[in-house]
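*Asks:* Starting off with a structure, shown below.
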Amino acid sequence: MPAPNESRCLVVDDEPRLRRVLVRLLEGEGFACREAGSGIEALELLDHEPVPLVISDLRMPQMDGVALLREIIARWPDTAVIMVTAVAEVESAVACLQLGALDYVAKPFHLDEVRARVMQALDKRRLKLEVEGYRQHLEERVKEQAHRIEELSLERLQALVHFLEEKDTYLRGHSVRVTKYAVAVGRRLGLAQGVLDVIALGAELHDIGKIGVSEAVLHKPGKLTEAEYRHIMEHPVIGARILEPLMRETPIALAIVRHHHERLDGKGFPDGLKADAIPPEVRVVTVSDSFDAMTSLRPYRPAMSIEAAIEELQVWKGRQFDPDVVDALVAAFPNAASLPVATSEVRPLHLPPAADEVRRASN
């Protein structure tokens, strides 16, 4: 007896008498059978209701058994197909096995042989489905484990970023504030929650590459040499290199890490991307990062006032910063009390920063 989910069958033969013999045999074994007099009619029935088992004659007008088999294998690969053939056509039947048929019976056939071949074909089908199900389950488990490993690794890196910032008086809380600015700006721009989540991930990890930058250079109170400045500006590349194995599924977050120091005019680092080559999510973090850097204390300068930092963003709109993002930042935080940075951390600066300080403001 077939399993309950295997109890439907389609018999395809252009000879009604032979078709009825097979139908009676299969119905006696518990199958619910449908009949088709041609390959074309069989496909119409299968389109309406696929079945686990098809028994088809090899020689039929309009569409022969081989053409029908190809269609079934392509469109319903889980269907077990048994071919019925004349003794002289055994080679053709063997060729059908190579195409994907599970078995064949030769005319004139014995009913016991048909019964045995049908049960054997269904056993093969059942085993094939079990193997496929196991394979898919295994692939899903492997993907789940790999994803969990990536999540744990990212969580550790996020914890490392916060630990390093806590050790650094000048960087303490920077990544958290940049994340809050960037998410608020993105929300103001009408970005979807999924995009905001990617921005948040990239913003939180954007400076992780500073692990590979000399602390003496990071904390140098005086003017940087050209070599020191270029050394600091290697941190986006270092960060992207660290995160690339863990962020293949979030390429935009990885782009934020690598490109948050690019400029619209193409004069940024590390790749000199220009205008639309810089993803919009990156531009959001670039403005947020620069604003927080300017309004935070650094070893080489005091913190700028909020007003001065906004004025600096306005001055560089269209050259360094995306104008829409700058406007969104201003609109997202209409007063100092709504800013993530504590007002006590912001020291007024009434004079415009020197050229070197402007250049380093987003470091």
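*Asks:* Would you say residue 51 is surrounded by 18 or more Cβ atoms within 10 Å (Cβ to Cβ), aliphatic (A, V, I, L, M), at pLDDT 90 or above and part of a loop (DSSP other than H, G, I, E, B)?
*Replies:* Details: surrounded by 18 or more Cβ atoms within 10 Å (Cβ to Cβ): yes; aliphatic (A, V, I, L, M): yes; at pLDDT 90 or above: yes; part of a loop (DSSP other than H, G, I, E, B): yes.
Here the answer is yes, as residue 51 does meet what is asked.
*Asks:* Those residues that are of a type in the set (D, E, K, R) and either in contact (Cβ under 8 Å) with a residue 60 or more places away in the chain or within 16 Å of residue 47 (Cα to Cα) (or both), I need them from region 66-106; list them, please. Reasoning before the result, please.
*Replies:* First, the residues of region 66-106 that are of a type in the set (D, E, K, R): 70-71, 75, 78, 89, 91, 103.
Result: 70, 71, 75, 78.
*Asks:* Hey, does region 231-253 have a residue that's open to solvent by less than 30 Å² (accessible area, probe 1.4 Å), at pLDDT 95 or above, in contact with a Gly (Cβ under 9 Å, 6 or more places away or on another chain) and closer than 25 Å to residue 157 by Cβ?
*Replies:* The answer is no; no qualifying residue exists.
*Asks:* Additional query: Only one of these is assigned to a helix (DSSP H, G or I), within 21 Å of residue 187 (Cβ to Cβ) and either free of Cβ contacts under 8 Å to residues at least 12 places away in the same chain or of a type in the set (Asp, Glu) (or both): 292, 276. Name it.
*Replies:* Just one listed residue meets the conditions, 292.
*Asks:* Counting just the residues of region 77-128 that are polar (S, T, N, Q) and open to solvent by 60 Å² or more (accessible area, probe 1.4 Å), which one comes out farthest from the chain's Cα centre (by Cα)? Give the derivation first.
*Replies:* Step one: filter region 77-128 for residues polar (S, T, N, Q), giving 79, 85, 92, 98, 120.
Narrowing the set further to residues that are open to solvent by 60 Å² or more (accessible area, probe 1.4 Å) leaves 98, 120.
Working: 98: 36, 120: 41 Å.
Out of the qualifying residues, it is 120.
*Asks:* Can we say residue 23 is open to solvent by less than 10 Å² (accessible area, probe 1.4 Å) and not basic (Lys, Arg)?
*Replies:* In short, yes.
*Asks:* Can you tell me which condition residue 44 does not meet? The list is (1) modelled with pLDDT of 90 or more; (2) more than 13 Å from residue 79 (Cβ to Cβ); (3) open to solvent by less than 60 Å² (accessible area, probe 1.4 Å), and all the others hold.
*Replies:* Against the list (1) modelled with pLDDT of 90 or more; (2) more than 13 Å from residue 79 (Cβ to Cβ); (3) open to solvent by less than 60 Å² (accessible area, probe 1.4 Å), residue 44 comes up short only on (3).
*Asks:* Would you check which residues across region 89-98 are of a type outside the set (S, T, N, Q) and touching a strand residue (DSSP E or B) at 6+ places or on another chain (Cβ under 9 Å) and list them?
*Replies:* If the condition is that a residue be of a type outside the set (S, T, N, Q) and touching a strand residue (DSSP E or B) at 6+ places or on another chain (Cβ under 9 Å), then 89, 90, 93, 94, 96, 97 are the ones that fit.
*Asks:* Looking at region 301-335, which of the residues that are modelled with pLDDT of 90 or more, more than 18 Å from residue 185 (Cα to Cα) and touching a Leu at 6+ places or on another chain (Cβ under 9 Å) is surrounded by the most Cβ atoms within 10 Å (Cβ to Cβ)?
*Replies:* Ranking the qualifying residues of region 301-335, first place goes to 308.
*Asks:* Only one residue in 298, 283, 359 is within 22 Å of residue 235 (Cα to Cα) and at pLDDT 95 or above. Which one?
*Replies:* Working: 298 fails: at pLDDT 95 or above; 359 fails: at pLDDT 95 or above.
Selected residue: 283, the only one of 298, 283, 359 that is within 22 Å of residue 235 (Cα to Cα) and at pLDDT 95 or above.
*Asks:* Condition check: in a loop (DSSP other than H, G, I, E, B), of a type outside the set (S, T, N, Q) and under 40 Å from the mean Cα position of the chain (by Cα). Does residue 61 satisfy that?
*Replies:* Considered against the rule, which asks whether it is in a loop (DSSP other than H, G, I, E, B), of a type outside the set (S, T, N, Q) and under 40 Å from the mean Cα position of the chain (by Cα), residue 61 comes out as no.
The values are calculated or read from the model by the stated rules, or taken from the named source; none is laboratory data. The shown structure was predicted, so the numbers you read here are calculated from the model rather than taken from an experiment. Backbone-built Cβ (ideal geometry, glycine too); neighbour counts: all protein chains shown. Each accessible area value is taken on the protein alone, full model and side chains, heavy atoms only, with ligands, DNA and RNA left out. Shrake-Rupley method; radii C 1.70, N 1.55, O 1.52, S 1.80 Å.
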